[in-house]
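The next block holds one structure in the form of structure tokens; read it before the comments.
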Amino acid sequence: MDRELLELLKKFIEIHSNIPDLQFNPDIHPKLPINPYSKDHREKRRTAHYLLLVASIDEGNIVGRADNARKLIVRFYQYFKENLFKITDRYIFEDILDYITADLSLGRLKRMIPEILASVNRFVMGRAKGDLISYSRMFQKPYNFVEEIGRNILRMGKSNNSVRKKSWMYMRWMVREHPDLRIFDHFSPRDLFVPLDRNVARVAVSLGVLKSTDNLNWEDVVKVTEFARTLYPEDPVKVDYPFFLLGREIRELKLPLNTENLKLLLKKKLYCSF
């Protein structure tokens with residue numbers, strides 16, 4: 001692969017991989033009802049549950065823009081307070097869904113939100129006995145825990161999307177060091193897989209790692225992760241947010257997916273000129 005392109009890519013990754021995810025960045029609006037960087041074990045347990053609720057609906061078809069997932073769970077918390085973590089009946093969420101989302105432009109599958117959130121709470125309160133941290137320790141690798149999440153939470157498993165993007169995004173938050181949260185600290189970041197969506201896939205196609213952004217599958221996740229491991233063997237998911245940013249801009253600029261366009265874009269982003 002073009003050495004200049006790889007150097008530009010790594011420079012971009014180093015600059016943009018230290019930005020906290022918008023779903024738990026404590027410095028942006030709306031203010032979260034959790035302290036994501038708390039060292040207190042009880043607060044860590046609460047954060048793990050709260051962010052699983054967020055991750056479960058962080059999907060374009062469900063909430064539209066990603067920041068709507070943050071807004072929506074904050075609003076549910078403002079209404080239900082601590083009972084948010086205990087509701088396993090979707091009808092309770094349904095009763096107020098229209099009220100708290102009137103000003104939000106959500107996805108075409110927004111009516112699934114109540115059942116998705118109820119399935120999260122059933123998983124946490126039932127199988128995990130209210131403690132995702134202790135429960136995660138039953139699994140040797142992040143992959144095994146992602147499989148368990150996918151079997152139990154609606155739209156986070158194989159039946160919906162074989163790349164399990166939302167589950168691996170959640171694991172990135174829980175396993176990586178700062179700016180992520182390292183709450184599941186028995187897992188190693190080297191065992192994570194890249195949360196693959198269309199934006200990340202656009203970069204992968206531009207690099208020649210994937211052939212297409214269509215019909216993404218687990219084989220594509222493996223290919224992108226293997227490439228990421230050539231850059232960062234101990235922390236392959238470091239590429240996730242930087243690739244997302246690049247892929248989003250490629251889409252907005254309607255650039256053809258090839259190495260030359262990616263190189264020009266990186267030069268523009270890094271040096272403000274072509």
Q: Fewest Cβ neighbours within 10 Å first, please rank S17, S56 accordingly.
A: S17, S56
Q: State the volume of the convex hull built on the alpha-carbon positions of the range 173-248, expressed per residue in Å³ and rounded to an integer.
A: 83 Å³
Q: Sum up the charges of everything whose Cβ sits under 14 Å from the Cβ of Y37, counting Lys and Arg as +1 and Asp and Glu as -1, but leave Y37 out.
A: -2
Q: Answer rounded, prolate or oblate for the range 141-201, using the Cα gyration tensor with square roots of eigenvalues a ≥ b ≥ c: rounded when a/c is under 1.5, else prolate when a/b is larger than b/c, else oblate.
A: oblate
(Q) Can you tell me how the range 21-66 classifies by the Cα gyration tensor, rounded, prolate or oblate, using a/c under 1.5 as the rounded cut? (A) oblate
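To make sure I understand, if each residue's beta carbon is the centre and we count other beta carbons within 10 Å, what order do F12, F243, F193 fall in, fewest to most? Let's see the in-between values first.
Numbers: F12 20, F243 29, F193 25.
Ordered from fewest to most neighbouring Cβ atoms within 10 Å, F12, F243, F193 come out as F12, F193, F243.
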Q | Overall Cα dimensions of the chain, principal axis frame, Å, largest first | A | 53, 41, 35
Q: Among the lysines, select those whose C-alpha is under 21 Å from the C-alpha of K269, and discard any that sit fewer than 8 residues away in the same chain.
A: K10, K11, K238, K254
**Q.** Compactness of the range 59-167 as Cα Rg over 2.2 N^0.38 Å, two decimals
**A.** 1.09
(Q) Using helices alone, I'd like the mean residue ellipticity at 222 nm for the chain: each DSSP H run of four-plus residues gives -39500 (n - 2.57), total over residue count, nearest 500. (A) -16500 deg cm²/dmol
Q.
Kirkwood Rh over alpha-carbon pairs of the range 1-102, then Stokes-Einstein at 37 °C and 0.692 mPa s: what D in µm² s⁻¹, rounded to an integer?
A. 209 µm²/s
Q: In a Gaussian network model over the chain where Cα atoms closer than 10 Å are linked, find which of M138, M156, M125 has the largest mean-square fluctuation.
A: M138
**Q.** Convex hull projection area averaged over all views, the range 121-252, Cα basis, nm²
**A.** 8.0 nm²
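Quick note: the coordinates plus some simple rules give every number you see, no bench work behind them. Predicted model only: the values in this text are computed from it and were never measured. Reconstructed Cβ throughout: ideal geometry from the backbone, glycine too, with neighbour counts over all protein chains shown.
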